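The values are calculated or read from the model by the stated rules, or taken from the named source; none is laboratory data. Model, not experiment: these values are computed from the prediction. Cβ coordinates were reconstructed from backbone atoms using ideal geometry, including for glycine residues, and neighbour counts include every protein chain displayed.
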Amino acid sequence: MLSGKVAIVTGAGQGVGQGIALALANHGAKVAVQGRTLSKVENTCRLIEERGGSAVAVGGDVKSSSDLENCLEQTLQTFGGLQILVNNAQEVPLGPLNQVSDEMIQGGWDSGPLATFRMMKLCYPHLKGDGCIVNLASTAARRWDAANYGAYAAVKEAIRALTRAAASEWGGEGIRANAILPHAKSPGLEAWIEANPEESAAFIATIPMRRIGECEQDIGEFIAFLCSDAASYVSGQSIAVDGAQAYMP
């Protein structure tokens with residue numbers, strides 16, 4: 001499905017990013033696995049290679065423009081091109097508005113919409129003709145109770161806006177861009193479930209399918225499909241991959 005394609009996945013040392021990298025590689029893509037902790041991205045690469053895939057580990061912080069430039073350079077040097085960009089990395093500023101510091105929301109902004117913006121522009125020349133961008137957003141802005149999620153929802157909604165703009169401006173040059181809004185068993189979500197058993201139980205009960213998605217089988221596999229030729233006419237969309245919880249008008 002993705003044979004011959006090259007992908008970058010940010011924040012791919014664990015959780016959702018790792019699941020995405022594994023799924024893309026399973027379908028034939030060569031994957032640049034990016035993340036802050038080199039040992040974690042190297043582990044993801046080992047998992048890919050054990051399955052017969054090709055991957056390169058790229059350490060770096062998405063909040064650093066020079067690290068993003070290095071990620072692209074290493075990808076091009078190793079694999080010779082780029083067709084898929086997945087912006088997954090994100091620091092999560094959670095809490096009541098009066099307790100979210102400037103530093104927390106700045107970290108969320110720099111790692112989320114700003115990093116997404118920078119990476120899309122860096123990769124743009126290489127994606128022209130047959131490129132696919134997938135940015136990870138969130139259904140946090142569609143919660144029935146937005147308390148404690150305002151800052152996080154704000155940075156994720158900015159990513160959705162940037163995604164739509166990229167699809168509108170670059171579609172004529174053969175670049176598609178979509179955002180997905182997933183629920184997945186990431187380490188962060190599992191920690192939240194453990195720390196907030198009553199709230200998390202109530203949250204899961206609002207998911208019609210009554211379960212949280214698997215990082216690779218549910219989220220990664222959907223992204224692999226979205227990056228394939230089978231989805232070649234899908235662009236500019238925000239798609240909830242969440243067991244039918246959110247309503248996306």
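A few points about this structure:
- Verdict on residue 118 being under 15 Å from the mean Cα position of the chain (by Cα) and basic (Lys, Arg): yes
- The lone criterion from (1) closer than 23 Å to residue 34 by Cβ; (2) at pLDDT 95 or above left unmet by residue 188 is number (2).
- Of all residues in segment 129-150, those that are closer than 16 Å to residue 224 by Cβ have Cβ atoms under 6 Å from Cβ atoms of residues that are of a type in the set (S, T, N, Q) and in a loop (DSSP other than H, G, I, E, B), 6 or more apart or on another chain, in 130/83; 131/83; 136/88.
- Selection from segment 152-181 of residues that are within 25 Å of residue 130 (Cβ to Cβ), in a helix (DSSP H, G or I), of a type outside the set (A, V, I, L, M) and touching a Gly at 6+ places or on another chain (Cβ under 9 Å): 163, 164, 168, 170, 171, 173
- When residues of segment 125-145 are limited to those that are at pLDDT below 95 and not in a helix (DSSP H, G or I), the one nearest to residue 31 (Cα to Cα): 143
- The residue that is nearest to the chain's Cα centre (by Cα), counting only those in segment 1-43 that are polar (S, T, N, Q) and surrounded by fewer than 24 Cβ atoms within 10 Å (Cβ to Cβ), is 14.
- Count of segment 229-246 residues which are in contact (Cβ under 8 Å) with a residue 12 or more places away in the chain, surrounded by fewer than 19 Cβ atoms within 10 Å (Cβ to Cβ) and part of a loop (DSSP other than H, G, I, E, B): 7
- Scope segment 138-171; condition under 18 Å from the mean Cα position of the chain (by Cα) and within 18 Å of residue 203 (Cα to Cα); matching residues: 138, 139, 140, 141, 152, 153
- Subset of segment 73-99 [surrounded by fewer than 23 Cβ atoms within 10 Å (Cβ to Cβ), out of contact with any Cys (no Cβ under 8 Å at 6 or more places or on another chain) and under 29 Å from residue 6 (Cβ atoms)]: 73, 74, 76, 77, 78, 79, 80, 81, 91, 92
- When 186, 168 are checked against the criterion of being in contact with a Cys (Cβ under 8 Å, 6 or more places away or on another chain), among the polar types (S, T, N, Q) and in contact (Cβ under 8 Å) with a residue 60 or more places away in the chain, 186 stands alone in meeting it.
- Residue within segment 203-210 that is under 28 Å from residue 106 (Cβ atoms), out of contact with any Cys (no Cβ under 7 Å at 6 or more places or on another chain), among the aliphatic types (A, V, I, L, M) and part of a helix (DSSP H, G or I) present: no
- Any chance residue 22 is of a type in the set (A, V, I, L, M, F, W, C), assigned to a helix (DSSP H, G or I) and touching a Lys or Arg at 6+ places or on another chain (Cβ under 7 Å): no
- Considering segment 29-124, the qualifying helices (runs of 4 or more DSSP H), each wholly inside and each with 1 or more residues that are out of contact with any Asp or Glu (no Cβ under 8 Å at 6 or more places or on another chain) and under 30 Å from residue 147 (Cα atoms), run over 102-109.
- Filter result for residue 173 (free of Cβ contacts under 8 Å to residues at least 40 places away in the same chain, surrounded by fewer than 17 Cβ atoms within 10 Å (Cβ to Cβ) and more than 22 Å from residue 14 (Cβ to Cβ)): no
- The single residue among 224, 191, 184 that is surrounded by fewer than 16 Cβ atoms within 10 Å (Cβ to Cβ) and of a type in the set (A, V, I, L, M, F, W, C) turns out to be 191.
- Test: residue in segment 178-201 that is among the hydroxyl-bearing types (Ser, Thr, Tyr), in contact with a strand residue (DSSP E or B) (Cβ under 9 Å, 6 or more places away or on another chain) and within 27 Å of residue 60 (Cβ to Cβ): no
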